[in-house]
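The values are calculated or read from the model by the stated rules, or taken from the named source; none is laboratory data. This is a predicted model, so every value here is computed, not measured. Note that we place each Cβ from the backbone using ideal geometry, even for glycine, and neighbour counts take in every protein chain shown.
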Amino acid sequence: MEHLRFIVDTQLPPVLASFLRRKGFDAIHTTHFDNGHLLADNAIRTIAIAEERIVITKDSDFPDLFYKLGPPPRLLYLTLGNIRNNDLVDWLDQQLPSIISLFNDSASMVVATRTHLISY
């Protein structure tokens with residue numbers, strides 16, 4: 001089983017990276033970097049490639065880059081709509097085993113809705 005590493009995009013709360021670390025994963029939030037809240041998508045993509053991290057985002061620009069440039073990096077694209085931080089962490093806690101399984105089975109991108117996970 002591959003040890004997965006994550007970078008959580010600026011538009012998502014840092015609590016997601018904290019949650020993943022508590023679960024034993026190597027996870028950082030973009031605010032980990034100097035002026036991380038201002039990191040451009042290409043900079044996040046570059047970090048993810050260099051550090052072999054999966055980008056967790058709700059920014060539709062990342063799937064567009066994925067379709068245009070392909071992997072790496074791998075991508076977890078959250079399309080959950082408006083959701084409170086606690087509910088987001090609860091959702092991730094429930095879905096994490098399936099998400100990890102999809103990435104370990106060679107998924108390059110997982111699109112997550114409130115009810116489905118779709119892997120590419």
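Pairs under 6 Å by beta carbon, first residue charged (D, E, K, R) and surrounded by fewer than 15 Cβ atoms within 10 Å (Cβ to Cβ) in the stretch 1-16, partner at pLDDT 95 or above and assigned to a helix (DSSP H, G or I), six or more apart or different chains?
Close Cβ pairs satisfying both conditions: Glu2/Asn104.
So, of the residues in the stretch 21-52 that are of a type outside the set (Lys, Arg) and touching a residue at least 40 places away in the same chain (Cβ under 8 Å), which turns out to be surrounded by the most Cβ atoms within 10 Å (Cβ to Cβ)? Walk me through it before giving the result.
Narrowing the stretch 21-52 to residues of a type outside the set (Lys, Arg): 24-44, 46-52.
Then drop every residue that is not touching a residue at least 40 places away in the same chain (Cβ under 8 Å), which leaves 47-48, 51-52.
Numbers: Ile47: 19, Ala48: 23, Glu51: 13, Glu52: 14.
Selected residue: Ala48.
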